[in-house]
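Working notes, structure below.
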Amino acid sequence: MAGSALRRLMAEYKQLTLNPPEGIIAGPINEENFFEWEALITGPEGTCFEGGVFPAKLIFPPDYPLSPPKMQFTCEMFHPNIYADGRVCISILHAPGDDPMGYESSAERWSPVQSVEKILLSVVSMLAEPNDESGANVDAAKMWREDRAEFNRIAERIVRKTLGIPTP
Amino acid sequence: MINFHSMPVILLDRLPLPSLRAYTIISVVLLSCSVYYAVQVTSDPNWKANATAQTDDDSDAEVPDLEETDIEVDSQNVSMGFQLGEMVTFMIQEPLCIWTLINMAYCCLILLGKFIQKLVFGELRVSEQQHIKDKFWNFVFYKFIFVFGVINVQYMDEVVLWCSWFSVLGFLHLLAQLCKDRFEYLSFSPTTPGWSHIRLLGLLISILILSGLLFLICVAVGFFGGFNTFAFMVAECVQLSVQTLHVILRYALHLYDMRQGSTGTAGGAVGAGAGRVWERRGPLAYYSELVFELAGLLLDLVHHLHMLLWSNIFLSMASLVICMQLRYLCHEIQRRVKKHRNYLWVHNHMEQNYPMATVEELAESSDNCAICWEKMETARKLPCTHLFHNSCLQSWLEQDTSCPTCRMMLNIQSPVAMEASRHIDHNLLAGEGPDNVQNANRRPPNHFFHFDGSRYVSWLPSFSVEVTHTQLFRSNQAQPAQTSQLDAMARQVQQLFPHVALTTVIEDLRVTRSVELTIENVLDGRVVAPPPMFQRDSDPPPQVPEVELITTVATRNEPTSWEDLCAVAEIRDVSESVETSANLGGRFSKSSAERERILQLRKDQLLMAARRRYMEKHRPAEPETSPSETDQKDEMQQDKDDDHIINASPNSSLRQRHIDS
Ligand SMILES: [Zn+2]
Ligand SMILES: [Zn+2]
């Protein structure tokens, strides 16, 4: 079980190292445990998260790629699709069986054909365009809809924080 | 497993336990004290008369036979060996000395455990420690129930015997658990050195051999102690062997896998041979897993049933605990059998419906298996012409019923899922037919119970209960339970109209709730593609606040901190760093240490570059620019032009840091 998961993760790691997508870096933090990765995601340009480098943790199950990994931002995040503790709520990370929000068709959900790269790319597009149908963070979703200026201000603060630049 | 551990563990964590060193010292001191005491007493030739007088009344059971052996010894012959024998006899008779001996034995056991841990495992991980702690308390709890509840021992020496048996057994159990945990952890890493595998396997095999020895002890005890005692002891013993064997087998398979993997990627001819073995390995691994899991569970079940039925513990606390455990075991066995039936079903379904791909087909699609990303020597073909490894497809279809690549619904109805879906089908059919529309539209009657207590006796309360039927199939909102059903319907429609996007079909089905109606809609051209997912509700991000934000940030920035920050990002040595960036660019090292280092460097670079870009963009618009700042500006401009430098510039400082650390 873990053997084939390990080989697949190794292949993905290799691919992500040799052909990294723009602004994304991912790999195991410590190769003693290949099932725990850290990813750095650059905020997409032209959005309120532009320029930030957001670290996230990816935890893979032993039966990967049959089951999806779990993803959690390790920095502070304020986004309609990210829980307060940093867990990411996007359809690609949901196993075909479970559907906590009840809005996704299984076509958008996890399948072994998906990969770390695809997950991270969808997270980037999620950062760009929040999907306020899934209310992982209700406050953020509300603010995104009603008070965009305040939302942008918070995002700006988070971006500065991830870059280690003190907020003026 | 029912866990009763939490409370004692919490209590124990609060208790100030002595360190192992202190405990060892105390034990040794106690032992030497009692030895000294024993020497003192036995140096007096008349000690036996005193001792028998003393011990006669408190432990009748063991004294007589000891006396018999002692009397035969000639008291005149005072050799060294005799002295020692005398001493040991005395210590066994003296309760205080017995306890120090037992304490010393436990101390030795703990030290042995510590030694093995140092030798084989090194530092234990937190989860391993926690696991061991839990397992330990669980074991103590169950054995306590067993000794005092099930066996119901009366005599102290019996308790001591059982305790020593369980101590050894528990010790081996904990070691086996630790081995299992560590094996699972090691299997998460591709770069475990060979000797750690060898040490772990060596320990596992010694546990297996020791459990064989314990089995012999069981036989010997059973010969004198009767069948029940034998069965009780042997069950635990066999359980240990089964668990250990299971881990050894999994270990062997894993090592084999890893070796196959490395040869498979290394060379073509070897890989081809490995691929064929690979296909056979799947069922073998599955069935060995099944046999071991079921054997373990059944053994446990029989053991618990034995405890429940052959000892008079009905209607006691012990029986309650055992019944709970039995319930758990039954549930587990049921679950396992269900899983196996599902496996068989999927297996047969695949054999019957999906042919193996021909050589031409394999050659045609040069892709790797989409599930494991490895080359396919043999493959199964789904109706949608997608190819997968047999074993990969099997394990996917056990949990899902669609093609991993194109999500086409496959026509699989496993016996487990059958009942649930049949129920849904029924409901759906009822709603689909035109005759039934009325029927389905009518809300099912709500049940309303009302109890008016005061009508009977004045002090009785009145209450009412309303039972409402929630409607699953007529609401506009898609319900979680039915999305898969919706998908299945969408596939049906899409099979007829492959040119229509799946999401479009699903959108329409959400409204019509019927395959026929949707087909009609498609035919009539009434189906329109929905807007893309993410733009449905969100407006494009407004530009104006963005600009405002930038200016406010810029003006509020303090020039001093700004310069500091620039200085941080600035440290660079171009000539050196170009070389490093070339080193990093598009390379996947074979050594794990180097990979880790490169990854860290790449991350640092990304962060640095992002920081610099950010500061460049949000540079405060100052009227007069100092010469140093113009320099920076130039440099940054240059950075922007030259990707190499932008990537490389923070390197030297980073590298400096790396060497330092
Ligand atoms: Zn495969
Ligand atoms: Zn397909």
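Considering only residues that are part of a loop (DSSP other than H, G, I, E, B) and within 14 Å of ligand 2 (Cβ to nearest atom), which ones fall in the stretch B:392-412? Before the answer, list the steps.
Taking the stretch B:392-412 and keeping what is part of a loop (DSSP other than H, G, I, E, B), we get B:398-401, B:403-408, B:410-412.
Across the stretch B:392-412, the qualifying residues are B:Asp400, B:Thr401, B:Cys403, B:Pro404, B:Thr405, B:Cys406, B:Arg407, B:Met408, B:Leu410, B:Asn411, B:Ile412.
Take the conditions open to solvent by less than 50 Å² (accessible area, probe 1.4 Å) and modelled with pLDDT of 90 or more and apply them to B:Ile207. Does it pass? Quick ask: steps written out before the conclusion?
Details: open to solvent by less than 50 Å² (accessible area, probe 1.4 Å): yes; modelled with pLDDT of 90 or more: yes.
For B:Ile207, the condition - open to solvent by less than 50 Å² (accessible area, probe 1.4 Å) and modelled with pLDDT of 90 or more - is met.
Would you check if there is a residue in the stretch B:11-32 being more than 45 Å from the chain's Cα centre (by Cα), at pLDDT below 70 and of a type in the set (D, E, K, R)? Break it down into steps so the answer makes sense when it comes.
Pass one, the stretch B:11-32, residues more than 45 Å from the chain's Cα centre (by Cα): B:32.
From the residues that got through so far, the ones that are at pLDDT below 70 too are none.
No: the stretch B:11-32 contains no residue that is more than 45 Å from the chain's Cα centre (by Cα), at pLDDT below 70 and of a type in the set (D, E, K, R).
Where the second residue is of a type in the set (S, T, N, Q) and the first is in contact (Cβ under 8 Å) with a residue 12 or more places away in the chain and lies in the stretch B:102-125, which pairs have Cβ atoms under 6 Å and are six or more apart or on separate chains?
B:Asn103/B:Ser27; B:Met104/B:Ser27; B:Cys107/B:Thr24; B:Cys107/B:Ser27
For the stretch A:134-144, enumerate the residues that are in a helix (DSSP H, G or I) and more than 8 Å from chain B (Cβ to nearest Cβ). Can you show your working first?
At the first step, the residues of the stretch A:134-144 found to be in a helix (DSSP H, G or I) are A:138-144.
Across the stretch A:134-144, the qualifying residues are A:Val138, A:Asp139, A:Ala140, A:Ala141, A:Lys142, A:Met143.
Across the stretch B:333-342, which residue is nearest to ligand 1 (Cβ to nearest atom) among those that are surrounded by 12 or more Cβ atoms within 10 Å (Cβ to Cβ) and more than 14 Å from chain A (Cβ to nearest Cβ)?
The initial filter retains those residues of the stretch B:333-342 that are surrounded by 12 or more Cβ atoms within 10 Å (Cβ to Cβ), namely B:333, B:336-342.
Applying the additional criterion that residues be more than 14 Å from chain A (Cβ to nearest Cβ) yields B:333, B:336-338, B:340-341.
Values: B:Ile333: 31, B:Arg336: 25, B:Val337: 27, B:Lys338: 26, B:His340: 22, B:Arg341: 24 Å.
My answer is B:His340.
A quick yes/no check of all residues on (1) more than 9 Å from every other protein chain (Cβ to nearest Cβ); (2) buried (at least 22 other Cβ atoms within 10 Å of the Cβ); (3) in contact (Cβ under 8 Å) with a residue 12 or more places away in the chain:
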{"position": "A:Glu12", "(1), (2), (3)": "no, no, yes"}
{"position": "A:Leu18", "(1), (2), (3)": "no, no, no"}
{"position": "A:Pro28", "(1), (2), (3)": "no, yes, yes"}
{"position": "A:Trp37", "(1), (2), (3)": "yes, yes, yes"}
{"position": "A:Ile41", "(1), (2), (3)": "yes, yes, yes"}
{"position": "A:Pro44", "(1), (2), (3)": "yes, no, yes"}
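Can you tell me which residue is most open to solvent (accessible area, probe 1.4 Å) among those in the stretch A:145-168 that are part of a helix (DSSP H, G or I) and of a type in the set (Gly, Ala, Ser)?
Applying the filter and picking the extreme gives A:Ala149.
Using the structure shown, decide if B:Ile198 is out of contact with any Leu (no Cβ under 6 Å at 6 or more places or on another chain) and of a type in the set (A, V, I, L, M).
Values: out of contact with any Leu (no Cβ under 6 Å at 6 or more places or on another chain): yes; of a type in the set (A, V, I, L, M): yes.
In short, yes.
Taking the criterion of being closer than 10 Å to A:Pro80 by Cα, in a helix (DSSP H, G or I), more than 8 Å from every other protein chain (Cβ to nearest Cβ) and open to solvent by 30 Å² or more (accessible area, probe 1.4 Å), would at least one residue in the stretch A:115-133 satisfy it?
No, the stretch A:115-133 has no match at all.
For the stretch B:367-391, which residues satisfy the criterion of being more than 8 Å from ligand 1 (Cβ to nearest atom), assigned to a strand (DSSP E or B) and open to solvent by less than 50 Å² (accessible area, probe 1.4 Å)?
B:Arg380, B:Leu387
Looking at the stretch B:310-332, is at least one residue more than 16 Å from ligand 2 (Cβ to nearest atom), open to solvent by 80 Å² or more (accessible area, probe 1.4 Å) and within 14 Å of chain A (Cβ to nearest Cβ)?
Checked against the condition, which is being more than 16 Å from ligand 2 (Cβ to nearest atom), open to solvent by 80 Å² or more (accessible area, probe 1.4 Å) and within 14 Å of chain A (Cβ to nearest Cβ), the stretch B:310-332 yields no hits at all.
Which residues, counting only those in the stretch B:362-389, are touching a strand residue (DSSP E or B) at 6+ places or on another chain (Cβ under 7 Å), at pLDDT below 85 and within 14 Å of ligand 2 (Cβ to nearest atom)?
Passing the criteria: only B:Ser365.
The values are calculated or read from the model by the stated rules, or taken from the named source; none is laboratory data. Please read these numbers as outputs of a predicted model, since none were measured by experiment. FYI the Cβ positions are ideal-geometry reconstructions off the backbone, even for glycines, and counts take in every protein chain you see. Surface accessibility is based on the protein's heavy atoms, side chains included, excluding ligands, DNA and RNA. Shrake-Rupley method; radii C 1.70, N 1.55, O 1.52, S 1.80 Å.
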